[in-house]
Amino acid sequence: MNLHKHIAEQNAQNESIEFYLKKIYELKDEQNFSLNHYNTVLRKLDKKITQLHNLNRKILGLTDNEDILKEVLQTERYMLEFDFKMQDLRHLSTIATREEFSRYSI
């Protein structure tokens, strides 16, 4: 696979992650909150992040030497912000009631 195709796939994975994050926020605000639904979406996000890590390694392997630093920094910034969000989301999955959950801001 060539670099441009991997980058297109990376962009699609990023969009999928944003879709799941939006779904998490929607679930958080639902009147009939379901922790099972929340945890299902959280597991999907974990799978997506694993796929994205693998894809990032492939992209880095195909990147020209002069662009490696830029690619690494861009990827690390995105992944750090995402890791912060995931840490908060995992913490939320330990909260038992919808009332407690809705008070917690993410």
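Contact order, relative form, for the chain: 33 percent (alpha carbon pairs under 8 Å, 6 or more residues apart, mean separation divided by residue count). Note on HIS91 and ASP67: the model spin-label points, each 7 Å out from Cα along the C-beta direction, lie 3.8 nm apart. Coupling constants for segment 26-40 follow from the phi torsions by the Karplus curve (6.51 cos²θ - 1.76 cosθ + 1.60, θ = phi - 60°), and in residue order they are 5, 4, 4, 9, 5, 5, 9, 4, 10, 5, 4, 5, 4, 5, 5 Hz; glycine and proline get x. Candidate cross-link partners of LYS23 among the lysines, defined by an alpha-carbon separation under 17 Å and a same-chain spacing of 8 or more, comprise LYS44, LYS47, LYS48, LYS85. In this structure, THR50 and SER16 have a Cβ-Cβ separation that, at R0 = 22 Å, corresponds to a calculated FRET efficiency of about 0.95. Counting every C-alpha pair in segment 7-89, the share spaced more than 17 angstrom apart comes to 51%. Within the straight-line cut-off of under 16 Å between alpha carbons, the aspartates and glutamates reachable from LYS5 are GLU15, ASP64, GLU71, sequence neighbours fewer than 8 places apart in one chain being disregarded.
Read-outs throughout are calculated quantities, based only on the coordinates presented, and are distinct from any laboratory measurement. Since the model is a prediction, treat every value here as computed from it, not as a measurement. Backbone-built Cβ (ideal geometry, glycine too); neighbour counts: all protein chains shown.
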